[in-house]
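Readers should treat all values here as calculations from the given coordinates under stated rules, not as data from a laboratory. Quick caveat, the model's predicted, so the values are computed rather than measured. Every residue, glycine as well, gets a Cβ built from its backbone with ideal geometry; the counts of neighbours run over all protein chains shown.
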Amino acid sequence: MNIASTSATPRLRPRRIRIAMVYTFHTSHGRCGDFFCSEGHDSVYAVVRSGGKQYRVEEGAEITVGKIAGNAGDKITLDQILFVADSEAIKAGPSALKGAHITAEIVGHAKGPKVDVLRYKNKTRQRRSRGHRQDETTIRILKIEGLH
C-alpha cells in the first residue's frame, strides 16, 4: 500500500451560519402584532384577564373571549386589569390599578372553530370520533377608566 494514497486530504466541514430571526407580524388593522409593540399605538392599552386568559385591549377594539353571560348590546365591566400603559407611563399591580375598570359592550355570541377529538386503539378496530365547539363572546372595548 502506498502511504500517500491512504492519507487523503482531511474533509472540511461546511460552515454553519446562524441567523437570528425576529418575528413580527402585522394584524388586519395594519399595526405591528407583537404584544408589547408600541409602533402605531398612541392610545392607552391594557392587559385584562377574562375566563382564565389574558387579552391586550385598546379603546374601540373588538376581541373574542370565552362565553360571558348577557345579551348583545349589554354593557359589562372588566375589573381584572393586570397592566395599563400609555405613551408616558406603565402601571401594573393591584395597588397602582386600584379602582380602574374597563367598560365593554357585548357585540354577539358565537361558537369557535371545531376541534376534532379522535380516539383509536390499535388492532381492535376501536375508533371514536367526537367534535367540540367552544362558546365565545365578541366584545367591543368602550372605555378604560379610573387610572388617575
(Q) Sorting check: for 117-123, 69-75, which peptide has the highest mean count of neighbouring beta carbons within 10 Å, and how do the rest follow? (A) 69-75, 117-123
Q: Return the long-range amide H neighbours of ILE76 (sequence gap of 5 or more, or a different chain), with a cut-off of under 5 Å between placed amide H atoms.
A: ALA104, GLU105, ILE106
